[in-house]
Amino acid sequence: MLAQIFLAAAEAANDQGFYQTLIMIAVALIFFYFILWRPEQKRRKKLEDMRTGLQKGDRVTAMGIIGTIAEIKERTVKIQVEGACIEMLIAAITDVEKKEEK
């Protein structure tokens, strides 16, 4: 009789431990979503919007090089830097200052 009581208590503890493990995994996934994945998605979306809105004449920073966009192609841009023209991937652009409309 006593053995059956201990056996029932052990089975209940095993079920409770399984549910606690599932709850902890769910909490960890929610934590990673809101702390890591979601902010990264927002940052990528902002960069993508900035890069798709490029226009000729905008001042850009790409890999530490600051210049003015001279030509835009499908995957690259030509940047005018003090008399020289450099062709770079659009993905390398990290900052854009829109040209001032007059």
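Where residues in segment 60-69 are assigned to a strand (DSSP E or B) and either among the hydrophobic types (A, V, I, L, M, F, W, C) or loosely packed, with under 15 Cβ neighbours inside 10 Å (or both), which of them is modelled with the lowest pLDDT?
Going through the qualifying residues, I end up with A62.
Quick one: in segment 83-102, which of the residues that are modelled with pLDDT of 90 or more and more than 21 Å from the chain's Cα centre (by Cα) is surrounded by the fewest Cβ atoms within 10 Å (Cβ to Cβ)?
Checked segment 83-102; the qualifying residue surrounded by the fewest Cβ atoms within 10 Å (Cβ to Cβ) is A84.
Are any residues in segment 40-59 surrounded by 10 or more Cβ atoms within 10 Å (Cβ to Cβ), at negative phi and of a type outside the set (D, E, K, R), and if so, which ones?
Q41, L47, M50, G53, L54, Q55
Give segment 70-95 a look and list any residue that's part of a loop (DSSP other than H, G, I, E, B) and touching a helix residue (DSSP H, G or I) at 6+ places or on another chain (Cβ under 9 Å), or say none.
Within segment 70-95, K73, E74, R75 meet the criteria.
Would you mind stating whether I25 is of a type in the set (V, I, T), surrounded by fewer than 13 Cβ atoms within 10 Å (Cβ to Cβ) and at pLDDT 90 or above?
Yes.
The values are calculated or read from the model by the stated rules, or taken from the named source; none is laboratory data. In this text the structure is predicted, and so the values were computed from the model without any measurement. Using ideal geometry, Cβ is built from the backbone for each residue, glycine included, and neighbour counts are taken over all protein chains shown.
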